[in-house]
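Where a number appears in this text, it was derived from the coordinates with a stated rule and is not lab data. Since the model is a prediction, treat every value here as computed from it, not as a measurement. We place every Cβ from the backbone using ideal geometry, glycine too, and count neighbours over all the protein chains shown.
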Amino acid sequence: MQLLAQDLVNGILAGGILAVVALGFSLVWGIMNIINLAHGAFIMLGAYLTYQLFQSFHVDPFLSLPLSFVALFVLGYLIQRFLINWVARAPILTTFLLTFGLSLLLVNIAEIVWTGDRRGITTVYTGVSFTALGVTVPWVKLWTLLVALAITAAMQIWLTRTKTGRAIRATSMDIGAAQLSGVRTPQIYAIVYGLSAGLAGVAGTLIALSYALTPTMGDPFLIKAFVVCVLGGLGSVEGALIGGLVYGIVEAFATQIDFTIGTQHISGSGLQDAIALIVLLIVLIVRPTGIVGKATA
Amino acid sequence: MNHSPSAVQSGTGTVLRRIGLGGITGSPVAFAIALGIMALLLAVPATHNDYFQIVFRNILMYAAMAYGWNVIGGYTGYVSFGQVAFFGLGGYCSAVLSANGVDNLFADVALACVVNMAFAIVIGIPVLRLKGHYFAIATLGIALAITDIVANLDALGGSSGLAVHHVDEAHFYIYYYAMWLVALGSMLGTYAIARSKLGYAFVAIRENEDAAAVLGIGQTRYKVTAWAISGMMAGAAGAVFAPANGFLDPSIAFSVDSNVFPIVMAILGGVGSVAGPFIGSLILTGTNELLQRYFISIHTLFFGAMIVLVVLLLPRGLVWLFGLKGGARAWLKALTAYKA
């Protein structure tokens, strides 16, 4: 029982980060119909930016959250405006490959700048945790979850209450009608892509607090972001949040699997990608619109 | 590209040629050039240079994998990002045979084809119901999952891998010729399929799946067939690669390079053409090899930049340029076709 409660809490804590990762991914996918394979690279850049600020100027990682957001927003905006926009409406293979190429470029630049060594951020509060009802909760992860929830709420308010937010939602519903109403879609696309990159940067900062940094650290989050989007339902903020939490919990339990058949030892912790795929296939077969998603064409 | 009514009247090949795609097999000139280069490659082992042999064997290997991708991604229009699963499985077929004392390339390739066909059917029936992004990412998931699973299977050596028996250096050319046969088989196989009823069915599914269904092209059967054929091509390449390499572990068998190189090669050469994948492999493997030799630290950087440039400047590949009417102006116009 104690162990189950601990797994549940671990899952929820991990799910908060996944929600922020998936939120940005879901925006680009839902609004631009592009699977952004560079999302993992943006996460990595956000994490290294945080690391560098911490190492060089002793900036607390939580304080570098807005910096990560702004830096990655600008990068994303420029990439969309000058590269992706040329093929924004092309068949999926084109945008898939283009973003994959961008991802390779960014990861390789990071490898040149920061080398492939594993790095980490050790603050005064790293590793400090409290125990409640027999469940251990690291402070960093709790704060990470709270920040993730705040960002998700802020995104939801921004998308529904501001003029730009409404223009974005209009573009995702009917691009033709949005253009007729005076929405400049290339501009909206660039904002959406920038926003998505900014959210990835924030996620990277949060991830840097509890995971090791390598240039390829974003890759596992990419496939998880996809699964979370499918799980929660595409193109909605609450979908990303619920999908993230559900996936976090599923993964926390699945990685505890540990048994032996004959001489073959099977351990869930080595099978994270397989678990993600199984969850993905089950959801796609049982409920293709996701938990909170609506039926789409 | 909604040309289905006229496609019914005058044949898909004719329509594809009229809209500048060079017919169902692509430009015949490009195909002749590809066949000519293929014949020239027979002479490589005569140089007695092991390095050349490995480089050109890699070109042939990636060409076979690019042909495999081309059948499902190019002709049938189902963009698979998991072809490396087939390549790795093929390699592990050889490794398992070798571990059981069987050392015969024909047996390796035959087993790889059978195993991959079975795998393609079992996995393909649920996965090929997905479309577009969902299919692409599900196949990517398959590639990642199978890497995880093999790395955790003691019978396949786990993450530390298996040694695969291979012949002495003096007879190394055996693997070169075997790979040449696999690549040639993939190329001629693609030609034969493209010209047959099967190829027209694949293209019909790519252009308009619903219209294809109305014409009586049973979708699942044809899609699974396309995937099985593409899996056999990649698997045969893997089955020859494993003994030639002498060692196999999950990171070699299921590497990201082997997953993405073939796709970029098929696109650089020309998607849905018979010459494209081979020409793409020749150019990309060649450049990549040179860069790896002289500028090891930036070769991935180059590869990333190459992908970006190919996607933006040559969206339909080099072979397509052979059939392009209207010169530079038509080319520039085509580049802005998908601008938002």
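Structure note, pairs B:Lys131/B:Lys339; B:Lys131/B:Lys197; B:Lys197/B:Lys333; A:Lys163/B:Lys339: Cα-Cα distances above 28 angstrom occur for B:Lys197/B:Lys333.
What Kirkwood Rh does the protein assembly as shown have if only Cα atoms enter the pairwise 1/r average? Answer in Å.
25.6 Å
Charged side chains reduced to their Cβ positions (Lys and Arg at +1, Asp and Glu at -1) give chain A a dipole of some 900 debye around its Cα centre. 3J(HN,Hα) couplings calculated from phi for region A:28-34 with the Karplus curve 6.51 cos²θ - 1.76 cosθ + 1.60 (θ = phi - 60°) are, in sequence order, 5, 5, x, 8, 9, 6, 10 Hz; Gly and Pro show x. Amide H to amide H distances under 5 Å link A:Ile34 with A:Trp29, where only residues 5 or more positions off or on other chains count and H is placed in the peptide plane.
In a reduced charge model with +1 at each Lys and Arg Cβ and -1 at each Asp and Glu Cβ, chain B shows a dipole moment near 1680 debye about its Cα centre.
Between amide H atoms placed 1.01 Å from N, distances below 5 Å from A:Ile266 occur with A:Phe259, A:Thr260, A:Ile261, all of them 5 or more places distant or on a separate chain. Highest mean packing first, where packing is the average number of other Cβ atoms within 10 Å per residue, the peptides B:38-48, A:201-211 line up as A:201-211, B:38-48. Label zone (B:Thr220, point 7 Å along Cα-to-C-beta; backbone nitrogen cut-off 15 Å) within region B:103-128: B:121-128. Shielding by partners for peptide B:143-156, expressed as the average number of C-beta atoms from other protein chains within 10 Å of each residue's C-beta, is 4.
Stretching B:Leu290 away from B:Ile33 to a fully extended chain increases their span by 90.2 nm, per 0.36 nm per residue minus the current alpha-carbon distance. For region B:159-239, the spherically averaged projection of the C-alpha convex hull amounts to 7.7 nm². Size check on region A:84-151: the Cα extents along the three principal axes, sorted descending, read 54, 30, 18 Å.
Ordering A:Leu245, B:Leu153, B:Phe295 by Cα displacement along the dipole of the protein assembly as shown toward the positive end leaves A:Leu245 in first place; charges were set at the Cβ atoms of Lys, Arg (+1) and Asp, Glu (-1). For region A:158-232, which trypsin sites (Lys or Arg not before Pro) pass both filters: DSSP loop (anything but H, G, I, E, B) and at most 16 other C-beta atoms within 10 Å? Listed in order of number, the matching sites are A:Arg184. For region B:4-335, the normalised intensity computed at q = 0.11 Å⁻¹ comes to -0.68 (log10 of I(q)/I(0), Debye sum over alpha carbons, equal scatterers, no solvent).
Report, in degrees rounded to the nearest 10, the 0 to 90 angle that the Cα long axis of helix B:84-99 makes with the longest principal axis of chain B. It works out to around 30 degrees. Taken about its Cα centre, the protein assembly as shown carries a charge dipole of roughly 2560 debye when the Cβ of each Lys and Arg holds +1 and the Cβ of each Asp and Glu holds -1. Between the alpha-carbon centres of region B:119-137 and region B:183-215 there is a gap of 18 Å. Between B:Phe247 and B:Val164, the built amide H atoms are under 5 Å apart, and every one of these is 5 or more places off in sequence or on another chain.
Peptide A:271-278 is shielded by partner chain Cβ atoms: per residue, an average of 6 of them sit within 10 Å of its Cβ. Shape verdict for region A:1-132, please, from the Cα gyration tensor: rounded (a/c under 1.5), prolate (a/b greater than b/c) or oblate. It comes out oblate by the Cα gyration axes.
Checking every one of the chymotrypsin sites (Phe, Trp or Tyr not before Pro) in region A:92-150 against DSSP loop status and a limit of 15 other Cβ atoms within 10 Å picks out A:Tyr125. Seen against the Cα atoms of chain A and their longest principal axis, helix A:185-210 is set at about 10 degrees.
From other protein chains only, count the Cβ atoms within 10 Å of every residue's Cβ in B:125-136, then give the mean.
For this peptide, the per-residue mean of nearby foreign Cβ atoms is 4.
Considering only B:Cys93, B:Ala237, B:Phe106, and ranking their Cα positions along the charge dipole of region B:4-335 that arises from unit charges at the beta-carbon of Lys, Arg, Asp and Glu, the one farthest toward the positive end is B:Ala237. Per-residue extension of 0.36 nm, minus the Cα-Cα distance of B:Leu313 and B:Val256, leaves a gain of 18.1 nm for this segment.
Taking packing as the residue-averaged number of other Cβ atoms within 10 angstrom, the listed peptides A:272-283, A:26-37, B:76-87 run from highest to lowest as B:76-87, A:26-37, A:272-283. Measuring how big region B:244-340 is from its alpha-carbon positions, Rg and Dmax come out at 15.7, 51 Å. Shape class for chain A, computed from the alpha carbon gyration tensor (a ≥ b ≥ c): prolate, with a/c not under 1.5 and a/b above b/c.
Computed from backbone phi with θ = phi - 60° and the Karplus coefficients 6.51, -1.76 and 1.60, the 3J(HN,Hα) list for region B:122-135 is 5, 6, x, 4, x, 6, 6, 6, 7, 10, x, 4, 5, 5 Hz; x is used for glycine and proline.
In terms of the Cα gyration tensor, with a ≥ b ≥ c the square roots of its eigenvalues, is region A:98-218 rounded because a/c is under 1.5, prolate because a/b exceeds b/c, or oblate? Since a/c reaches 1.5 but b/c is at least a/b, the shape of region A:98-218 is classed as oblate. With contributions of -39500 (n - 2.57) from each DSSP H run of at least four residues, the per-residue ellipticity at 222 nm computed over chain A stands at -23500 deg cm²/dmol.
For region B:120-215, trypsin sites (Lys or Arg not before Pro) meeting the loop criterion (DSSP other than H, G, I, E, B) and having at most 13 other Cβ atoms within 10 Å: B:Lys131. With each label modelled as a point 7 angstrom along the Cα→C-beta vector, the A:Arg169-A:Thr216 pair spans 4.1 nm. Principal-axis analysis of the Cα atoms of chain B puts helix B:256-269 at an angle of about 40° to the longest axis.
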